[in-house]
Amino acid sequence: MDTTWILFSVAFIGTALITVVLQKKQRQKSQIPEVDERVLKLFQVYVLRTLIVSGIVGVILLSVFAIIGYKNIPLNYIWLYLLATMLALAICSIVAKKK
């Protein structure tokens, strides 16, 4: 059995739990509402822009792979692309909340 995935899963779950606990403590200290209409609008705009750019980059990558002559795209490349998109979406939510 490969222990790399188990360690990765434990680290991911541990990081997520620590983040949730810290956010709850921070919310209890401040009485300001976390989300309002302006933040939701910014979030929608940022997510839409991120997904559009992600789609454009995906089409460009597909055409580059086709020009190079790949018949199949390795699964690792697809996972990396999806993880980069999810990271960009997470950053967008943080930026929308800060502004």
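Determine the pairs where a residue that is within 16 Å of residue 90 (Cβ to Cβ) and surrounded by 10 or more Cβ atoms within 10 Å (Cβ to Cβ), located within the stretch 1-25, has a partner that is at pLDDT below 85 and charged (D, E, K, R) with Cβ atoms under 8 Å apart, the partner being 6 or more residues away or on another chain.
Pairs that qualify, where the first residue is within 16 Å of residue 90 (Cβ to Cβ) and surrounded by 10 or more Cβ atoms within 10 Å (Cβ to Cβ) and the partner is at pLDDT below 85 and charged (D, E, K, R): there are none.
Select from the stretch 30-43 the residues that are exposed (fewer than 10 other Cβ atoms within 10 Å of the Cβ) and at pLDDT below 70 and write down the one among them that is nearest to residue 93 (Cα to Cα).
Within the stretch 30-43, the match that is nearest to residue 93 (Cα to Cα) is 33.
Of the residues that make up the stretch 71-82, is at least one under 14 Å from the mean Cα position of the chain (by Cα) and among the basic types (Lys, Arg)?
no
Within the stretch 35-43, is even one residue part of a helix (DSSP H, G or I) and under 23 Å from residue 83 (Cβ atoms)?
yes
Out of 61, 82, report the one residue that is over 16 Å from residue 95 (Cβ atoms) and touching a residue at least 12 places away in the same chain (Cβ under 8 Å).
61
Which of the residues spanning the stretch 74-85 are of a type outside the set (Val, Ile, Thr), within 25 Å of residue 45 (Cα to Cα) and surrounded by 12 or more Cβ atoms within 10 Å (Cβ to Cβ)?
81, 82, 84
The values are calculated or read from the model by the stated rules, or taken from the named source; none is laboratory data. Since this is a predicted model, take the numbers as computed values, not measurements. Note that we place each Cβ from the backbone using ideal geometry, even for glycine, and neighbour counts take in every protein chain shown.
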